[in-house]
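The values are calculated or read from the model by the stated rules, or taken from the named source; none is laboratory data. Note that this is a predicted model, so its numbers are computed, not measured. So basically every Cβ, Gly included, is an ideal-geometry build from the backbone, and we count neighbours across all protein chains shown. Ligands, DNA and RNA are stripped out before the accessible areas are found, and what is left, the full protein with its side chains, is counted by its heavy atoms. Shrake-Rupley method; radii C 1.70, N 1.55, O 1.52, S 1.80 Å.
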Amino acid sequence: MPLLSELKGRSLVEPDDLSLDEMESLFTLAEKIEKKEGHLKESCRGKLLASLFFEPSTRTRLSFEAAMLRLGGSCLGFAEPGSSSAAKGESLADTIRMAASYADVIVMRNPKEGSALLAARYSSVPVVNAGDGGHHHPTQTLTDLLTIKRLLGNIGNITVGFCGDLKFGRTVHSLSKALSRYKNIKMLFISPKELMLPEYIKSFLIKNNIEFEERENLEKSMPELDVLYMTRVQRERFFNEDDYIRLKDTYVLNTEKMAYGREKLVVLHPLPRVNEISVEVDSDPRAAYFSQAKYGMYVRMALLASILGAAC
Ligand code: CP
């Protein structure tokens, strides 16, 4: 795939680092990997991935490591900063310099906004942002877009509702910006006033003439949606525990609310969920969040193979 060869050696800090055509090529490759067992199986043999997780993760870390192992490569790294020399006061720049001298690609999650950009600047190997504070999570965006494409057949001409913590939810920030690059997208942002979308994302949408509305009522919005993107209230980003407790159960998607949704609605959630989707919804055929997490592994395989110059 000629376009993917252009990703060789490049970092991914935010979704805008990829052109629309590059994203589409990654989705095509991810679908090929999913459907053709063993595709690219040994393509990254001899390559090393450093996974540096300064914050907890289940899906992102494990799916990146699974992706690298399935491509024939190997992984090293840490799952929490207490086991690294960051606990002794080592700077991020120095940690990155070290990891870059041991590995061929770095995947990093860090609580500080902007840390991924800093890491990319100090690294001699490509850096993939696995979430920088409340800022961006570009590979979750690739996961979300691939899931929409696979389940609805296309990404344009849809209404997407984002519900929950839109202030701190980095997956919402990344996905809303990326969706704005597709044709005829309408977005409904459903949140309590305290957790509304940040002004910089709204300014971006306005500047790009994207149709969007901010609302507080989920039930009334349900019949309009092709995709509902539920999110967790991000406890770790609150300054005040009382505010978190007051807001955490503002929205709970249950079977009663699902009854207002369309027959072909796709319910996504980047996960982990806490209370915002009742477990009874899991058996609804419109609940797609576990398939979404699996698509994440395929698209990360496509991305790693491309960055490492092994995609074909
Ligand atoms: N979606 C996501 O980022 O999940 P983890 O925090 O488990 O990696």
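Points to keep in mind about this one:
- Nonpolar atom fraction for segment 1-138, defined as the carbon and sulfur part of the 1.4 Å probe accessible area, stands at 51 percent.
- Structural descriptor for segment 52-205: relative contact order 16 percent, calculated from alpha carbon pairs under 8 angstrom and at least 6 residues apart.
- Structure note, pairs K36/K167; K8/K149; K112/K177; K177/K294; K183/K257: Cα-Cα distances above 32 angstrom occur for K36/K167.
- Kyte-Doolittle mean at least -0.5, axial Cα span of 24 Å or more - DSSP H helices of the chain: 289-307
- Protection-proxy order for peptides 48-54, 301-307, 179-185, 117-123, each taking the mean of Cβ atoms within 10 Å per residue, highest first: 301-307, 48-54, 117-123, 179-185
- Among the protein heavy atoms of segment 151-300, carbon and sulfur supply 50% of the accessible surface, probe 1.4 Å, non-protein parts ignored.
- Fully extending the segment from R262 to N275 would add 2.4 nm, taking 0.36 nm per residue of separation and subtracting the current Cα-Cα distance.
- Per residue, in Å², the accessible surface of the chain once ligands and nucleic acids are set aside, probe 1.4 Å: 43
- The local environment of C44, defined by Cβ-Cβ distances under 14 Å, has a net charge of +3 under the rule Lys, Arg +1 and Asp, Glu -1.
- Using a Förster distance of 25 Å, the FRET efficiency for E214-D17 (Cβ separation, nearest 0.05): 0.35
- Packing-based order for 167-175, 105-113, using average beta carbon neighbours within 10 Å, highest first: 167-175, 105-113
- Over segment 1-111, relative contact order from alpha-carbon pairs under 8 Å, at least 6 apart, %: 28
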